[in-house]
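Chemist: Dropping a structure here in structure tokens format, bear with me for questions.
Every number in this text was worked out from the coordinates using simple rules, so none of it is lab data. None of the values given here were measured: they were computed from a predicted structure. Backbone-built Cβ (ideal geometry, glycine too); neighbour counts: all protein chains shown.
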Amino acid sequence: MVMPKPVKPDYSVPKAYQMISFLPTLSKIIEHVALTRKTVLAPNCLSPLEFACQKGNSPLDAVHLVLEKVHKDSNDKPYRSALFLNVQGAFDKVLHQQLAEIMMTNNFPPYLVDWVQLCLSDRSVRNTDGAASEPAFILIQVGILQGSPLSPILFNVYTSLLCHNYQRIGVDLMVS
């Protein structure tokens with residue numbers, strides 16, 4: 001299903017619309033079960049400074065940590081710099097094979113890696129406006145499911161290398 005996004009200046013461009021997939025209820029239940037297993041296993045690869053979609057952490061916690069670091073360092077260092085990124089369409093950019101490799105490197109059980117890959121494979125889309133449609137479905141080869149309970153934690157796992165490599169270059173890094 002394709003729905004127009006609210007308050008867009010030009011509805012003649014595809015970015016003014018949101019594609020929505022209605023998954024069966026049973027698959028949502030299975031994803032929630034897998035999510036509970038993943039949150040038990042994911043801390044092995046997630047940094048404690050990765051705030052996004054982690055139980056007990058919120059964006060407000062990340063802001064408090066930034067303010068605390070600035071206040072603490074204000075006596076020692078007169079200047080501090082920060083870089084804030086908002087990656088547009090981040091879930092759409094996840095490479096399936098790379099996600100699987102990261103999961104295997106972080107000792108996720110092979111059955112869980114295979115199950116995630118199965119969920120992400122063989123997905124397709126066909127554009128239609130009700131009157132006419134493209135003749136064939138287009139295979140989706142990149143990205144994780146929009147609206148899935150697993151997507152935020154899968155994205156955190158996918159970006160976990162960023163949080164682990166920051167210590168090597170001697171900078172503070174938080175992801176929220």
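Chemist: Given H placed 1.01 Å from N in the peptide plane, which residues other than close sequence neighbours of Y17 have an amide H under 5 Å from its amide H?
Modeler: Long-range HN contacts for Y17: K5.
Chemist: Please compute the modelled spin-label separation between D76 and L139, points set 7 Å along Cα→Cβ, answer in nm with one decimal.
Modeler: A separation of 5.3 nm, rounded to one decimal place.
Chemist: Starting from the amide H of I140, placed 1.01 Å from N in the peptide plane, find each other amide H under 5 Å away whose residue is 5 or more places distant or on another chain.
Modeler: Here the answer is R123, S124, V125, since their amide H atoms fall under 5 Å of that of I140.
Chemist: Oh, and also: Given 0.36 nm per residue, what is the gain on full extension from R123 to Q146 after removing their alpha carbon distance, in nm?
Modeler: Going from the current span to full extension adds 7.0 nm.
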